[in-house]
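The block underneath contains the structure these notes are about, expressed in structure tokens.
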Amino acid sequence: MPELSVIIIGRNEAACIRECLQSVFAALDRMDDYEVIYVDSASEDDTVKIASQFPIRILRLKRTWKLTPAAGRFIGYQHASGRFLSFVDGDTILHEDWLAESCAFLRDNSEYGGVAGILDFCLADGGESTIVRQNHYEQTEANEVQAAASLGGIATYRREAMEVAGTFNPFLPTGEESEVALRIRRAGYKLARIYTPMCRTHTLPPESIREIMRRSRSHLYDYGTTLRYCLTNGCGLRFSIEQMWFVYTFVGAVLAFAVALAVGLLTGTTWLLGVAAAAAVLFVAIKRRHPKHLLISVLKRSMMTYHSILSFIRTKPLPIEAYPRDVVVVK
């Protein structure tokens, strides 16, 4: 059993996978006992060809399977044997000290089931420029070990914790990190973010119409699916409280407006509703500094709420054991 298994997931990452793997091996310079596994979600570009140039194992999910980030992590876990499991996205650049520091933390703190560090985001702005959002979770040196409810997709976990609580659920299209974190915490382990540089990862600006529509098509707003699975394992209420507040606030706002409109029509005071609505719009617009941001925010929350409710109704949970395991071994 190696001390560390690095599990990298990706799909169509030809533009990033080489730099990602280079950063992984640079971070492994301080490690003596490890393995590296890349799990590819049926890429249609040269991702696998580029990854094959590195001394790693490569597994490929079949195109006919349900392809999710959680599925890549699930299959990677099945083929990994390390005492610690470090999950990395294929568009991520690891800090050279992260792997050694995260393993050292878990080695010295047996009560923790997983750990993450300082995360920097590179936001691609329409493919024309890159804006770096440093220290996304605003960690501080004064609080070197910060309790966390969830760690996100890039983190290092204790294998023992996942053996007790279970690994990532491959059927979840979104929120899989929060769902597995709930099970790990329920099993008695803690999760932490430590004041140690971890990585730089890439994403599209979440507050853009293009990204909202992409996430809608990719089922990344299907939080209802995750909630259904959480209800089967006893974590439904906690997931609902921690991750789905946007549904309740949006639905509450819509219902409040509907009630106010009905009262206004009955009492002939609809003009008061108009004034209140205009004042609310003005306040939010000033806060966000541009009316466009307000419209995008409403669109985003509308889509998130719609897909969450729809996916909750449609989802019929399957046992994790139902996910296929005859993965293609490329290398």
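Can you pull out every residue in the range 192-203 that is surrounded by fewer than 16 Cβ atoms within 10 Å (Cβ to Cβ) and either in contact with a Cys (Cβ under 9 Å, 6 or more places away or on another chain) or not in a strand (DSSP E or B) (or both)? Of everything in the range 192-203, just one residue is surrounded by fewer than 16 Cβ atoms within 10 Å (Cβ to Cβ) and either in contact with a Cys (Cβ under 9 Å, 6 or more places away or on another chain) or not in a strand (DSSP E or B) (or both), namely 203. Counting the residues of the range 313-331 that are closer than 17 Å to residue 72 by Cα and surrounded by 11 or more Cβ atoms within 10 Å (Cβ to Cβ) gives 7.
Identify all residues within the range 52-63 that are closer than 18 Å to residue 19 by Cβ and either touching a residue at least 40 places away in the same chain (Cβ under 8 Å) or in contact with a Pro (Cβ under 6 Å, 6 or more places away or on another chain) (or both); write none if there are none.
Taking the range 52-63 first, the residues closer than 18 Å to residue 19 by Cβ are 52-56, 58.
Scanning the range 52-63 gives 52, 56, 58.
Scanning the range 212-236 for residues that are assigned to a helix (DSSP H, G or I) and of a type in the set (A, V, I, L, M, F, W, C) yields 212, 213, 227, 230, 231. Checked against the criterion of being surrounded by fewer than 22 Cβ atoms within 10 Å (Cβ to Cβ), closer than 30 Å to residue 207 by Cα and either in contact with a helix residue (DSSP H, G or I) (Cβ under 7 Å, 6 or more places away or on another chain) or in contact (Cβ under 8 Å) with a residue 24 or more places away in the chain (or both), the range 97-111 has no qualifying residue. When every residue of the range 170-182 is checked against the conditions, none turns out to be surrounded by fewer than 18 Cβ atoms within 10 Å (Cβ to Cβ) and under 29 Å from residue 240 (Cβ atoms). Can we say residue 6 is surrounded by 16 or more Cβ atoms within 10 Å (Cβ to Cβ), within 17 Å of residue 72 (Cα to Cα) and of a type in the set (Val, Ile, Thr)? Yes; evaluated as a whole, the condition is true for this residue.
Being out of contact with any Gly (no Cβ under 7 Å at 6 or more places or on another chain) and of a type in the set (A, V, I, L, M) is the filter here; which residues of the range 144-179 pass it?
Start the filter on the range 144-179 by keeping residues that are out of contact with any Gly (no Cβ under 7 Å at 6 or more places or on another chain), which leaves 144-150, 152-154, 160, 162-176, 178-179.
Listed by number, the residues that qualify are 145, 147, 148, 149, 154, 162, 164, 165, 172.
Could you grab me the full set of residues in the range 188-243 that are among the polar types (S, T, N, Q) and in contact with a helix residue (DSSP H, G or I) (Cβ under 8 Å, 6 or more places away or on another chain)?
Within the range 188-243, the first condition is being among the polar types (S, T, N, Q), and the residues that meet it are 196, 201, 203, 208, 216, 218, 225-226, 232-233, 240, 243.
196, 208, 216, 225, 226, 233, 240, 243, listed by residue number.
A count restricted to the range 132-181 and to residues that are aliphatic (A, V, I, L, M), closer than 23 Å to residue 238 by Cα and touching a residue at least 60 places away in the same chain (Cβ under 8 Å) stands at 6.
Every read-out reported here was derived from the displayed coordinates using simple, explicitly stated rules and does not represent laboratory data. Not measured: the values here are computed from a predicted model. Cβ sites come from the backbone with ideal geometry, for glycine too, and all protein chains shown count toward neighbours.
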